[in-house]
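Written below as structure tokens is the structure these notes are about.
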Amino acid sequence: MGGLVAPQSLGGGYTATNNTGFPYGDNFKTDLAIINWKQTFEKSRWGYAVGRLAFDVYLDPSAVQTPYGGFLNRAFVYSPALGTTGIGALGAVAKGFVTDNVWVGAQIYDANAANGEFDFDTIEEGEFLKAVEIGWTPEFARRGKDRVQFTYWEKDERELAGVSSGSGWAASATSQWNDNLLTFIRAGASDGGAGVAADASASAGFTYQAWEQRSVAFGVGWSEPNADTNGAGLDDEWVVEASYKIQLTRHFSLTPDIQWITNPVRLPDEDDLWIVGVRAILTL
């Protein structure tokens, strides 16, 4: 506030992996980021989507992976050991249940897509982000919040950008214990390529609906910074985040948030870093 610095830029300048405002950057432009065709079959047991996609919706998704929830830090919103591309990447994804409890999926995206750039030409470079997954849920109707999944991904070398190829895996699990409590755990590792932020990462936490219009979120995250991206000889980063979401009206909420980060990579003289903020969301 007052400095006109976006949360993502503030945190991204201090930490290598645990970006403190991951969904909120300063490079936003007017963009038709998502425009695709989605089709489901057999009462949503199978489906596909093709077109301009948000890869983070399909790649290692989690019930807490939303900018409308309780977390702002990348450690909880999206794994720093996963390969990424731009929001609004040309691609395709298909997923479906092979038994009553097990599903499989595959997806592919333009590896050179850039946020805020409505550009179809980059796909002509023939470099892609690809992934396959397998998951389990105790009951089809509970698949959104009671699930275990494993993802393997590969990203081609981006020759013009000068970024090496890379691969890795991600695993996550969420459980809705009752109407109020949701717990999660996620982990991942990479071979250090593809420009990922971390070689390995893990996080765990919970969200709790304390009252009808109020909820609490708490999480702990760890990551091993990627030497190619951030430099060699770095200490592991840790983050603890807590927030309290207050739904003041049907359309307006406030979420005070506090984060404690140890070993911020880009502030080598600091052992600890505190980030305090508040997020307001107005829906129409």
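The values are calculated or read from the model by the stated rules, or taken from the named source; none is laboratory data. Values in this document were obtained by computation on a predicted structure and should not be read as measured data. Cβ placement follows ideal geometry from the backbone for every residue including glycine, while neighbour counts extend to all protein chains displayed. Keep in mind that these areas ignore ligands, DNA and RNA; they rest on the heavy atoms of the full protein, side chains included. Shrake-Rupley method; radii C 1.70, N 1.55, O 1.52, S 1.80 Å.
Assuming a ≥ b ≥ c are the square roots of the Cα gyration tensor eigenvalues, decide whether the chain counts as rounded (a/c under 1.5), prolate (otherwise, with a/b larger than b/c) or oblate. All intermediate terms of the calculation are to be shown ahead of the outcome.
On the way: a/c = 1.39, a/b = 1.05, b/c = 1.32.
Verdict is rounded for the chain.
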Exercise for the section: Can you work out the accessible area per residue across segment 164-277, with the rest of the protein chains kept in place, probe 1.4 Å, in square angstrom? Expected result: 50 Å²
Problem - Efficiency of FRET from Cβ geometry, Q209 and V148, R₀ 25 Å, rounded to 0.05 - result: 0.65
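Need one word for segment 146-284: rounded, prolate or oblate. Basis is the Cα gyration tensor (sqrt eigenvalues a ≥ b ≥ c); a/c below 1.5 gives rounded, then a/b vs b/c decides. Show your work: numbers first, answer last.
Details: a/c = 2.07, a/b = 1.60, b/c = 1.30.
It comes out prolate by the Cα gyration axes.
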Fill in the blank from the handout: Shape descriptor, segment 77-134: equivalent ellipsoid semi-axes (Cα gyration tensor, sqrt 5λ, whole Å, largest first) stand at 26, 13, 9
Handout entry: Most to least accessible of W153, W222 (protein chains only, probe 1.4 Å)
Key = W222, W153
Completion exercise
So, over other residues within a Cβ distance under 12 Å of Y109, counting Lys, Arg +1 and Asp, Glu -1, the net charge is -2
Problem - segment 192-263: C-alpha gyration tensor shape, a/c 1.5 cut-off, then a/b vs b/c - result: prolate
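Add +1 for every Lys or Arg and -1 for every Asp or Glu among the other residues with Cβ under 10 Å from the Cβ of E224, and state the total.
Details: positive: none; negative: D199, D235, D236, E237.
Summing Lys and Arg as +1 and Asp and Glu as -1 gives -4.
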Exercise for the section: Any chance you could run the full-extension gain for A161 through N115? It's 0.36 nm times the residue separation minus the Cα-Cα distance, nm to one decimal. Expected result: 15.1 nm
Exercise for the section: Show me 273-282, 203-212 ranked by packing, highest mean number of other Cβ atoms within 10 Å first. Expected result: 203-212, 273-282
Exercise for the section: Compare the peptides 75-87, 117-129, 246-258 by average per-residue count of other Cβ atoms within 10 angstrom and give them in order, highest first. Expected result: 75-87, 117-129, 246-258
Practice task
Could you work out the local net charge near G69, counting Lys and Arg as +1, Asp and Glu as -1, over the other residues with Cβ closer than 13 Å to its Cβ?
Solution key: +1
Practice task
May I ask you to evaluate 6.51 cos²θ - 1.76 cosθ + 1.60, the Karplus curve with θ = phi - 60°, for each residue of segment 188-194 and list the ³J(HN,Hα) values in order in whole Hz, giving x for glycine and proline?
Solution key: x, 8, 9, 8, x, x, 6
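Using a 1.4 Å probe over the heavy atoms of the protein chains, calculate the carbon and sulfur portion of the accessible area of the chain as a whole percent. Write down the numbers at each step before the final one.
On the way: 8480 of 14480 Å².
Result for the chain: 59 percent of the exposed heavy-atom area is carbon or sulfur.
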Handout entry: Point-to-point label distance, I34-F252, nm (Cα→Cβ direction, 7 Å offset)
Key = 2.6 nm
Exercise for the section: Please list the non-local residues whose amide H lies under 5 Å from the amide H of V163, H modeled 1.01 Å from N, same-chain partners needing a gap of 5 or more. Expected result: R158
